[in-house]
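Contents: one structure, followed by commentary.
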Amino acid sequence: MKILTIVAAVAAAMMLTSPSRAAELPLPKDGWASWPVEAVEGAEAWCCWESWEDSAAPKKACNLDEPDGGIGARQHAATDAMRVYAKFANGKLQRLRTLAPSCPVETKTPIQKLDGVTTDDSARWLSGLTKQDDEAGEAVLASLAVHRGNVAFDALATLAAGDSNHETRKHAIFWLALMRGQAGADVATRAMFNDPDTDIRRHAAFAITQSKSTHVGPDLVKLGNTDTNAEVRSQAWFWLAHTNYTNAEQAITEAMKKDPSDHVRDQAVFALSQLPDGRGTRALIAIAENRSLPREQRKRAVFWLAQSKSPEAQAYLDRVLTASSR
């Protein structure tokens, strides 16, 4: 899985000023420095790979001097430690990577390995970076997410709850949901239901689908039925379809019938098309066959069936076309 593909462009280009807390780490004025940290439970062994298309391709050395071309883990291999790599120029941070200790790296200049850096001190330094810049690079937030302990968690939770930068808040919510277990999922869920910002609520609906929350399905159903914003409700149904929630078809179909917004009703039909393992095809056929529903909704169901490569969908359309030609 390409965990950090979305990180690359922003993080590599940013110049982040080192905060005063950085004095607590023996950081160089220029060049690369590296130190190990304890990883949060379930952290994946991030590295670079020869190919993302070939699942059997071996790992390769990450060239830290080049823009990040995608970092991730294979087969969800876990690690209990990570290693932070930071490059400085005139005391300013230029680049940050966080990789598994087993991941080979290469640089044009030597890497100074630092001793005695605790995980909490590393997290405090990263947290300081988020306070020094208007928009914290996502590489910083991703690194915080895999640092074990409350210092890193609390820093991300604070950013998620009220950072002045909109995108930083969204990134913090995502990484909390993805990496910090049920506690991180709970932060994302609170944002999803309570944040006054429509875009934050919509983003949090996506984030919890990446989490280990035990109640993703019911929470998305609640959001789809109660949020005051039509786009947020639409997103709730869309992401619900990408979960394995047993009652997704029923909940989305009810929204298609009852939601006051034409947009939400249309998006609910599309959401049905996203259900996995043939469920979407069967749900759309049921809509198309239901003569008690408005004609436009039935036509939309047929439209999405026509976009499907499912043999069941194609067989149904053949039957409809054959019957109409008689």
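The values are calculated or read from the model by the stated rules, or taken from the named source; none is laboratory data. Not measured: the values here are computed from a predicted model. Virtual Cβ from ideal backbone geometry, glycine too; neighbours counted across all protein chains shown.
Residue count for the stretch 162-185 under the criterion of being exposed (fewer than 15 other Cβ atoms within 10 Å of the Cβ), over 17 Å from the mean Cα position of the chain (by Cα) and not polar (S, T, N, Q): the result is 1.
Output yes when any residue across the stretch 186-196 is under 19 Å from the mean Cα position of the chain (by Cα), of a type in the set (Asp, Glu) and closer than 22 Å to Glu249 by Cα, and no when none is. Within the stretch 186-196, not a single residue is under 19 Å from the mean Cα position of the chain (by Cα), of a type in the set (Asp, Glu) and closer than 22 Å to Glu249 by Cα. For the stretch 254-297, a tally of residues being of a type in the set (S, T, N, Q), more than 26 Å from the chain's Cα centre (by Cα) and farther than 19 Å from Lys222 by Cβ returns 4.
Could you check the stretch 136-173 and list, in sequence order, the residues that are closer than 25 Å to Cys47 by Cα, not small (Gly, Ala, Ser) and not in a helix (DSSP H, G or I)? Answer for the stretch 136-173, where residues must be closer than 25 Å to Cys47 by Cα, not small (Gly, Ala, Ser) and not in a helix (DSSP H, G or I): His147, Arg148. When each of Thr209, Thr214, Thr226 is tested for being β-branched (Val, Ile, Thr) and modelled with pLDDT under 95, the lone residue that passes is Thr214. Remark: pairs (first residue in the stretch 206-232, surrounded by 22 or more Cβ atoms within 10 Å (Cβ to Cβ) and assigned to a helix (DSSP H, G or I); second residue basic (Lys, Arg) and at pLDDT 95 or above; Cβ separation under 6 Å; 6+ apart in sequence or on different chains) = Gly224/Arg233; Val232/Arg201; Val232/Arg202. Mind checking which residues of the stretch 30-67 are in contact with a helix residue (DSSP H, G or I) (Cβ under 6 Å, 6 or more places away or on another chain) and charged (D, E, K, R)? If the condition is that a residue be in contact with a helix residue (DSSP H, G or I) (Cβ under 6 Å, 6 or more places away or on another chain) and charged (D, E, K, R), then Glu38 is the only one that fits. Considering only residues that are small (Gly, Ala, Ser) and surrounded by fewer than 15 Cβ atoms within 10 Å (Cβ to Cβ), look in the stretch 256-307 and name the one that is nearest to Trp239 (Cα to Cα). Once the filter is applied, the top-ranked residue is Gly278. Take Gly162 and decide whether it is more than 30 Å from Glu254 (Cα to Cα) and without any contact (Cβ under 8 Å) to a residue 24 or more places away in the chain. For Gly162, the condition - more than 30 Å from Glu254 (Cα to Cα) and without any contact (Cβ under 8 Å) to a residue 24 or more places away in the chain - is met.
The residues of the stretch 106-126 that are part of a loop (DSSP other than H, G, I, E, B), over 11 Å from Pro26 (Cα atoms) and either among the β-branched types (Val, Ile, Thr) or without any contact (Cβ under 8 Å) to a residue 12 or more places away in the chain (or both), listed by number, are Thr107, Thr109, Thr118.
Going residue by residue through the stretch 171-183, is there one that turns out to be touching a Lys or Arg at 6+ places or on another chain (Cβ under 6 Å) and of a type in the set (Gly, Ala, Ser)? Checked the stretch 171-183: at least one residue is touching a Lys or Arg at 6+ places or on another chain (Cβ under 6 Å) and of a type in the set (Gly, Ala, Ser). The residue of the stretch 139-169 that is modelled with the lowest pLDDT, among those that are closer than 15 Å to Val187 by Cα and among the hydroxyl-bearing types (Ser, Thr, Tyr), is Thr168. Restricting attention to the stretch 244-253, the residues that are surrounded by fewer than 16 Cβ atoms within 10 Å (Cβ to Cβ) and within 20 Å of the chain's Cα centre (by Cα) total 1. Each residue in the stretch 293-326 was checked for being out of contact with any Gly (no Cβ under 9 Å at 6 or more places or on another chain), assigned to a loop (DSSP other than H, G, I, E, B) and under 18 Å from Gly280 (Cα atoms), and 2 pass.
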